[in-house]
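The values are calculated or read from the model by the stated rules, or taken from the named source; none is laboratory data. Because the structure is predicted, anything quoted here is derived from the model rather than measured. In this analysis, Cβ positions are derived from the backbone assuming ideal geometry, glycine residues included, and neighbour counts consider all displayed protein chains. Surface accessibility is based on the protein's heavy atoms, side chains included, excluding ligands, DNA and RNA. Shrake-Rupley method; radii C 1.70, N 1.55, O 1.52, S 1.80 Å.
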Amino acid sequence: MNRKIINSALSAVMLCLLCGCNEERVPAEATGADASETTAVSTTVPESSETASERATVSFAPAETEPEKTEAASSETAETAAVLAENQLDYSGRDFYLLMEFTGAESLQYYPRAVKLPSYRDDDFVIHSKFTITNLSQKDFDFIPQKMVLYGRNNHDSGTMIPISASDTGLVASDGYYTVEAGETVSFDVDFVGDEVCVDYAYKIMYKAVGFRDYNNVDPDELNNASAAEFEITKRSAVKNAIRAGKDFQGEKTSAPSELIPREGEYSVLTHKNSYCFTAEPIVDERYIKVVLRVQCLTGEPEIFKPYRFRLYRTADDYSSAYRWEFDLLLAGGDTPEVKNDLEGVSGTLYDTPWELSVRSDGSAEYTMYFNSAVYEPSEYYKFCYDGEKGEDVFECIINME
């Protein structure tokens with residue numbers, strides 16, 4: 001009897017416990033999301049609430065932060081692509097990376113020794129540039145700058161530019177080649193010379209190790225894997241904009257020409273084209289008159305002088321031209337006069353009268369002239385001038401050598 005009472009009591013207790021469990025599971029049947037959360041809590045009941053919270057944080061962190069990493073990577077890539085300056089152009093190949101920087105463009109007439117070469121004309125231009133090439137491969141290769149060609153076209157006007165290979169012109173001669181070892185970076189300057197249309201309307205630049213023109217001073221048999229660095233850039237806007245920016249870059253880095261400030265003892269003359277400062281004095285027992293002339297062109301255009309038109313006047317109709325000269329040979333063009341060190345008492349390298357004298361690309365120049373005054377007294381000369389022809393500059397200045 002007692003055992004029956006005990007069993008009845010146990011049954012009642014079990015019934016109560018079962019009813020209580022059913023009431024607790026009711027929220028788990030509401031939605032799938034709530035069921036998931038309840039299941040998660042149910043599976044972590046043996047752990048503390050702090051441990052469960054930490055596990056949830058660790059579990060979901062990668063999913064929450066992954067998009068941020070992707071955006072950061074994209075941002076870094078965009079920043080890397082934006083590193084190029086306006087006057088720069090690059091090319092990425094399988095075996096190398098090439099960076100081109102265009103640093104200026106100007107008339108070839110600023111380089112008279114170059115413009116006198118038979119392959120060029122008076123209206124040709126020069127584009128200055130710097131190339132940096134990195135070898136990404138496991139083999140070395142030879143790069144030949146003179147095998148590059150720059151193309152330009154505007155409507156029906158088209159032309160090309162190639163690196164100048166002649167030395168002693170004032171320009172960088174591309175008359176050899178560069179060996180780029182595996183993993184090495186090599187930089188070199190290149191001066192392209194050719195048609196003006198390429199300055200503002202360049203559309204393509206390419207490099208082929210063979211063909212197009214002769215190797216000049218390069219022996220093909222000495223080259224190693226020269227074709228590995230061949231490239232062709234045909235994106236017209238990129239090429240045109242980089243070279244145009246290089247032209248503007250030169251204008252920005254070159255200060256605007258201004259008239260010369262006379263030094264002590266100098267005469268000064270200013271015309272609409274040029275600024276002149278000079279000294280005039282008798283030397284060597286008054287047998288010669290030495291004129292040291294400084295010139296600064298103000299127009300930004302090349303200036304060419306005829307040396308025999310620099311004159312010292314004794315009377316209105318009587319004048320003398322310079323007998324001997326000193327000057328930078330790069331300003332004399334291809335017709336370099338003979339050395340004439342025949343003035344007694346005058347040191348330095350003297351030359352016969354050149355046919356033409358030019359100015360540098362910044363418009364400056366210096367010429368020293370020696371006039372023979374043995375027949376007359378220096379005090380009889382009263383005027384120094386340049387009697388330019390049509391289109392040339394003209395100036396005169398009264399002097400006093402008493």
(request) Report the net charge of residues surrounding V172, where surrounding means a beta-carbon distance below 12 angstrom and charges are Lys +1, Arg +1, Asp -1, Glu -1. (result) -3
(message) I'd like the carbon and sulfur percentage of the solvent accessible area for region 276-402, probe radius 1.4 Å, heavy atoms only, ligands and nucleic acids excluded.
(response) 43 percent
(message) Taking all protein chains in place and a 1.4 Å probe, what share, in percent, of the accessible surface of region 136-200 do carbon and sulfur account for?
(response) 39 percent
(message) Once each part is reduced to its C-alpha centroid, what is the distance from region 176-201 to region 235-314 in angstrom?
(response) 30 Å
(request) Report the Stokes-Einstein translational diffusion coefficient (µm² s⁻¹, integer) for region 264-402, Rh taken as the Kirkwood radius over Cα pairs, at 20 °C with viscosity 1.002 mPa s. (result) 139 µm²/s
(message) Could you report region 279-402's accessible area per residue, 1.4 Å probe, as an integer in Å²?
(response) 47 Å²
(message) Students often get this wrong: which residues of region 377-399 have the backbone nitrogen under 18 Å from the point 7 angstrom along Cα-to-C-beta of D122?
(response) 388-394
(message) Expected output is a single nm value to one decimal: the length gained when fully extending between Q138 and I283, i.e. 0.36 nm times separation in residues minus the C-alpha distance. What is it?
(response) 45.5 nm
(request) Could you quote the convex hull projected area for region 79-130, Cα atoms only and averaged over all directions, in nm²? (result) 5.3 nm²
(message) Nothing charged except the Cβ atoms of Lys and Arg (+1) and of Asp and Glu (-1): what's the magnitude of the dipole of region 244-355 about its Cα centre? Round to the nearest 20 debye.
(response) 380 debye
(request) Among the listed pairs K139/K247; K116/K390; K147/K306; K208/K247; K116/K204; K116/K147, give every one whose C-alpha distance is greater than 29 Å. (result) K139/K247; K147/K306
(request) Could you compute the FRET efficiency for Y319 and H272, with r as their C-beta to C-beta distance and R0 at 30 Å, rounded to 0.05? (result) 0.80
(request) Along Cα→Cβ, 7 Å out, is where each label goes; now give me the distance between the ones at S227 and E264 in nm to one decimal. (result) 6.9 nm
(message) At 7 Å along Cα-to-Cβ for each site, give me the label-to-label distance between Y308 and E392 in nm.
(response) 1.0 nm
